[in-house]
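One structure is given here, and the rest of the page talks about it.
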Amino acid sequence: MKRVVVDPITRIEGHLRVEVNVDEGTGQVTDALSSGTAWRGLELIMRDRDPRDAWAYIQRVCGVCTTAHALASVRAVEDALGIKIPKNANYIRNIMAATLTVQDHIVHFYHLHALDWVSPVDALAANPEATANLQNALLNGYKLPFVGPTAIPTEAYPHDFPAATPQYFAGIQAKVKAIVESGQLGIFSAQWWDHPDYKLLPPEVHLLAVAHYLEMLDKQRELVTPHVVFGGKNPHPHYVVGGMACSISLNDGNAPINTARLAIVDRAINMARTLANNYYLPDLLAIGTAYVKAGKVDGGGLAKTRVLAYGAYPIEEYNGTKSGGFFNNLLIRCNGVVENFGQGVANATFTEIKPEDVSAPEVFTESVEHGWYNYPDGDSKEIHPWEGITEPKFTGPKEGTGTQWQTLNEGGKYSWLKTPKWRGKLCEVGPLARYIIIYTKAQKGLLPEPTWAEKMMLDQVNAVSGALGLAPEVWLPTMVGRTAARGLDAQLNAEINKFFFDKLIANLKTGDTTVANMEKWEPSTWPKEAKGVGLYEAPRGGLSHWIDIKDGKTANYQCVVPTTWNACPRDDKAGHGAYELAMMDTHVAIPDKPLEIAKVIRSFDPCMACATHMYNAKGERINVITTDPYSGTKIEK
Amino acid sequence: MEKRESMWDVYLRKGMSRRSFLKGCVTLTSLMGLSTASLSKVVEAAETKPLPVVIWIHGHECTGCDESFIRSASPLASDVVLNDIALEYDHLLSAACGEPFEAHLEQTIQKYRGQYILAVEGAVSTKDNGIYCMSGGHTFTSMLQHAAEHAAAVIAYGTCAAYGGIQAAKPNPTGSSGIAHFVGRAPVVNVPGCPPIPEVMTGVVMHVALFGTLPPLDSENRPKQFYGNRIHDTCYRRPFFDAGMFAERFDDAGAKAGWCLYKLGCRGPETYNSCGNIRWYQGMSYPIQSGAPCIGCSNAHFWDEDPMSQRMPEYGPLGNVDKIGAGLAAVTTLGVVAHGAASVVQRNKREEEE
C-alpha cells in the first residue's frame, strides 16, 4: 500500500490537496482524502455590514465563477426583504448567469482539464494533413443539432468555425515544437507526459486539441462581454439589490444600455452558441468516445448513489424563495435528489426539493466532524445554515508539523471545508447532477410537459447514449460522464442565453425599460429581522446563500457552495464526499504518477476558494484578531 | 546555466536586420528615459538579456486576477504566455501538479536565481503562523519569502497582494496583509484592483518584456501610466458632476440619462485607476458606464469604507453636493476641492471609528 499525496492540485481555483492510499499491485484506491488547505473567513467579514453591499463582498469568494456568488447573494437579500425584481432585471441576470456558465465550461474544458487528456508532446507526432481530415470528420460526425426556440435569428452564418487545413495545424505544431525544443516549457513543464493515458488518443487528436486550447484562450474573453455591458466589468461585475444598475434607455445618448450595447450582448451569445457547437462538443465527444471505448468508465463515485440540484433559471420575475416563487417558475425543474441512479433508472428514486425544505432545520445542514472547526455542542451536530457557527480549530496533520505537513489525519480533522448534508446524507452536485435528475424524472413520468430546455437535455442525453452505445446509467455517473455533462450544459446554456435575450428584447418592445425596484431600498422600510435564501444552479452545481438581517445589518451570512458539497471531508455516519468516493472509484496505473487522480478531481472543476469560505457565522469566540500587517513577521504560539 | 533566447536572438530567428534591431534599441532607450549616451548599454543588454521568466504564486485570493489576465486582448494572453514570457509556475494554467510541480518551482528558482519575475496574487495570511493558507504542505508565507528572496522583481497583482484585500477587511479573521513586508529587498510593483484591468495586468509584463525594465512607478509603487489619474479625472460622466446633474437613485431618469453617480456612492473621485481611460475590454465599459457607482476597488482599504451606497453622511461639513457643482468654473473648482476634502474627512472619520 502506498500513500500518494498530490498538493497542490493545479488548474483549479484555490488550494486543494488530496491524499490516496493505492494498492500498488492492483492500482486500486482503498482510501482517499480531499482537503481544502486555505480559509479566508469571508462570512465573518460580512457581519454587521449593509446587506445591500453583500453581493460585492461575497462575490470575491471566487473570481472564476465570478457573478455566481453575487447573484445568489442578491437573491438571498431580496428573499429576506420581500423584494420582487423587475422583468428586465430577471432576464438580464439570467443572461449573465448563462454567459458565465458557457464561458466557464469552455475555459474549464480547454484550459483547466484538457491537459489531463491531451499532450503537446504527443501532438508533435501528428500528421497535419491527417489532423485536418480529423477535424472534418469530427464536424461531420460529432455535432449535436439541438437549438432552443430562437425568436429573432441575428446571425447570418456561423462566424466561428474551426480551421481544417494542414497548414494551420502545421503552424501550431511548429510553435509547440519550438517551445519543447527551447527547453523552457513554461506552462507545459513537469507534467507526466509519459503517462500511458495519453496514448489512448491518436497524435492527431492531441494536435487538434492543442490548437483549440490556444484558439479558445483567445476567444473565451469575447464570450463574457455581456458581463461588461450589463455589469461594467469582468471578473466581478456589479449588481444591485432590487434589480440591476444598468439602466436602459432608447432615448438617451449616455444611457448604460441602448441598442448598440444590446448588439454587443447579442454577438457574444451567438458566438457562444457557435463555439459550443463547432469546437467544444465535437472535441469532447472525440475524446470521450475514445476513453469509453478503451473501457475507461470509472470515477463515478457518489454520482451513482446520490445527486442534488436546486432547479435552474426562474423564467419570469418571482416573489421569494421560501414562499415558493422561485421553485414554481423554473425553466429546468431539476430541484430534487436522485438516489441510486447507478443501479439503473428503474431502481433510482427521486425526491423533490420543496420551498418549505429551505426553512426546515433538518433538511439542509452542515457538520464539522472532520473539518477544522469546533461546534460547542459536538462536531457531529447537524446545524442549519441560518444558525451556522464558525470557530476555527486547526489540529495539524497526522505526520509533520502544523506548517510542514507530511500526511493529513483522515481519522481526525483534515480540511477547512465543512460537510454539508441533505437530510443527513452527502450528495454530488454539478451539471452531471442536473442531467441525471432531469433524465430520471422524465423516465419516471415526473416531467409530463417538459419545457423546451428540459426536452433539449433529454435529446442530448439520448444522442450521446447513441454515439457511445451505452445506457445513460452506465456512462453518465463516470469521470467521462461528468466532463461530458458539462459540455452538454454549455450547449444548453448557450441556447438559454439566446432565449432570455429574445425575452428581454420582446419586453423592451412593450416600452418597459425598468431594471430596478427601489421600493425597499431604504433600511427604514425593512422589518426588524428577516431571513432569506438565494439559490442558483452555478456552473459547478447547486449554490445557496443564507442571510439573517437584523436591525438593517447582516447578522449572519452563510454560503453552502457546490465545491463544499463535492470536496467536503467525510462524515462518520454519512460516509465519504464526492471527491473522495470518485478517487476511490478510480484505477491508478502508476502510483508515482497519479494522473488519473488529478484528472478525476478536475472532472468536478474544483473551486476551492468558494468551498472554504463558507463559514460565517457567529464566531463569538474569535476575538483575538491580528489586523496589523506588520505583525505577520511574529510567530504566534 | 542553459542559454536562453535574447531579444537579439529573437530578431535573428525572425530574420530581422541588425539595423532594425539597433533602431529598436534606440526607441527602447528613449522610452526608458535614458540619454542617448546609454545606447550602447541598451544594445548590449538586448543582445544578451534573455526573455523574462515568470513565477506566479497564489496566496489568499479568488483567482479573479488570473482570470482578468487571460481576458487581455492586447496583448492576447496566448501571446504573452507562449511568446513574451516563460511562465514556469502558475497554479491556474500550468499542466503539472503535486510533487514534480513543486520540484520544478525549486529548479526554476535556482536556475534563474536573481533573474526571474515573481508575480504574486493574493494576500499573506499571518495569523497562527500562516496555517490558514497552505500549499504543497507548507505555508504560503514561507513560499513567498523563499521565491521573493531570489526574484529580480515582484509584481503584486490585485488589491489582495498589494494591500491585503477582502480577507483583510474587518475583523480580518486570518490576519491577512499585503505582501510588501515579506519580499525582502526585491523591488515591488503594485498593481491594485479587484481585479486589475486585463490590459493593465499584461501591460506590466509587456513593459518588462519589451523594455527590459520595470515601468516607472509612483510613490506607492504603482505604474504611473496606469494609476496616474483618478477615475473622476477621466470619467466620461464628469461634465454632469461639474454641472450638478446627478442620479438620485438607481434607475431614475438621471440614471437612464447617464448622469453622475456621485450621490449613489461613487468612489471615482478618490480612486486611482485606468477605468476612465483604458476602460474594460478595450474601451467597452467600466462600472460607471454601466450605471454602477465605482466601489474604489484599487484603493488600499476600500472594503472598510462601506456602506458602498453612501458617501459621507450629508456629504460632510462641506455641505450638500448640489450646492457644490453649479456649472460655473469657479464653483466647479471649489467643488473639486470640496469633494477631495470630503474624501479625506470621510477617511479620517473611518479611522477614528476604528
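Could you work out, residue by residue across B:188-195, how many beta carbons of other chains sit within 10 Å of that residue's beta carbon, and then give the average as an integer? Please list the in-between numbers first.
Numbers: counts 0, 0, 0, 0, 0, 2, 7, 7.
Per residue, the average neighbour count from other chains is 2.
Take the alpha-carbon centre of region A:345-393, take the same for region A:69-120, and report the distance between them in whole Å.
24 Å
What list of ³J(HN,Hα) couplings, whole Hz, do you get for region B:227-236 from phi and the Karplus terms 6.51, -1.76, 1.60, once you set θ to phi - 60° and write x for glycine and proline?
Per-residue couplings from phi come out as 10, x, 10, 6, 4, 4, 5, 10, 5, 5 Hz.
Can you compute log10 of I(q)/I(0) for region B:146-227 with the Debye formula, treating each Cα as one identical point scatterer, at q = 0.11, 0.17, 0.20, 0.24 Å⁻¹?
Log10 I(q)/I(0), no solvent term: -0.30, -0.69, -0.92, -1.20.
Using a 10 Å cut-off around each Cβ of peptide B:301-309, what is the average number of partner chain Cβ atoms that fall inside? Can you show the working numbers first?
Details: counts 0, 1, 6, 2, 0, 7, 7, 8, 6.
That works out to 4 on average.
Mind listing the long-range amide H neighbours of B:V53? Cut-off is under 5 Å, sequence gap 5 or more, other chains count too, H placed in the peptide plane at 1.01 Å from N.
Distant-sequence amide H within range of B:V53: B:A86, B:I117.
I need A:E155, A:E596 ordered by Cβ neighbour count within 10 Å, fewest first.
Working: A:E155 15, A:E596 24.
Starting with the residue having the fewest Cβ neighbours, the order is A:E155, A:E596.
What is the packing order of peptides A:542-554, A:293-305, B:61-73, taking the mean over residues of other C-beta atoms within 10 Å and listing the highest first? Present the calculation step by step, with values, prior to reporting the outcome.
Numbers: A:542-554: 23.1, A:293-305: 20.4, B:61-73: 26.8.
Result, highest mean first: B:61-73, A:542-554, A:293-305.
Taking the Cα of B:H181, stepping 7 Å toward and past its beta carbon, and measuring to each backbone N in region B:135-170: which are under 13 Å?
B:163-164
Which of A:T225, B:T174 comes first, and how do the rest follow, when ranked by fewest Cβ neighbours within 10 Å? Present the calculation step by step, with values, prior to reporting the outcome.
Numbers: A:T225 23, B:T174 28.
Neighbour counts put them in this order, fewest first: A:T225, B:T174.
Explain nothing, just compute: Karplus ³J(HN,Hα) = 6.51 cos²θ - 1.76 cosθ + 1.60, θ = phi - 60°, for every residue of region A:195-202 in order, whole Hz, x for Gly and Pro.
Working through the residues one at a time gives 5, x, 4, 5, 7, 5, 10, x Hz.
May I ask you to list, by number, the DSSP H helices of chain A whose Cα span along the axis is at least 27 Å and whose average Kyte-Doolittle hydropathy reaches -0.5 or more?
Details: long enough: A:87-107 (30 Å, 0.06); A:203-223 (30 Å, -0.11); A:479-509 (45 Å, 0.03).
Long hydrophobic helices here: A:87-107, A:203-223, A:479-509.
Search the structure for amide H atoms under 5 Å from the amide H of B:W280, placed 1.01 Å from N in the peptide plane, and list their residues when 5 or more places away or on another chain.
Amide H neighbours of B:W280, under 5 Å, 5+ apart: B:S285, B:Y286.
Distance check, please: which entries in A:K233/A:K304; A:K293/A:K398; A:K441/A:K503; A:K413/B:K170 exceed 29 angstrom between their Cα atoms?
Working: A:K233/A:K304 39 Å; A:K293/A:K398 41 Å; A:K441/A:K503 27 Å; A:K413/B:K170 27 Å.
Violating the 29 Å limit, Cα to Cα: A:K233/A:K304; A:K293/A:K398.
Within 10 Å, count the other beta carbons around each residue, average over each peptide in A:447-453, B:96-102, A:565-571, and list them highest first. Don't jump to the answer; show the numbers that get you there.
Details: A:447-453: 14.4, B:96-102: 21.6, A:565-571: 27.7.
In decreasing order of mean packing, A:447-453, B:96-102, A:565-571 become A:565-571, B:96-102, A:447-453.
Tell me the Rg and the Dmax, in Å, that the Cα atoms of region B:51-227 produce.
In order Rg, Dmax, the Cα atoms of region B:51-227 give 14.9, 43 Å.
Amide H neighbours of A:I332 under 5 Å, counting only residues 5+ apart in sequence or on other chains, H built in-plane at 1.01 Å?
A:A312
Counting other C-beta atoms within 10 Å, which of B:T213, A:T401, A:T321, A:T101 has the fewest, and how do the rest follow?
Sorted ascending by nearby Cβ count, the order is A:T401, B:T213, A:T321, A:T101.
What percentage of all Cα-Cα pairs in the protein assembly as shown are separated by more than 57 Å?
Numbers: 31547 of 490545 pairs.
That fraction is 6 percent.
Fully extended, how many nm does the chain gain between A:D592 and A:E316 (0.36 nm per residue separation, minus their Cα-Cα distance)?
Numbers: separation 276, 0.36 × 276 = 99.36 nm, distance 5.26 nm.
Difference between extended and current length: 94.1 nm.
Laboratory data are not the source of any read-out in this text; all were calculated from the coordinates shown. Source: prediction; values computed, not measured. Cβ atoms come from the backbone with ideal geometry, glycine included; neighbour counts cover every protein chain shown.
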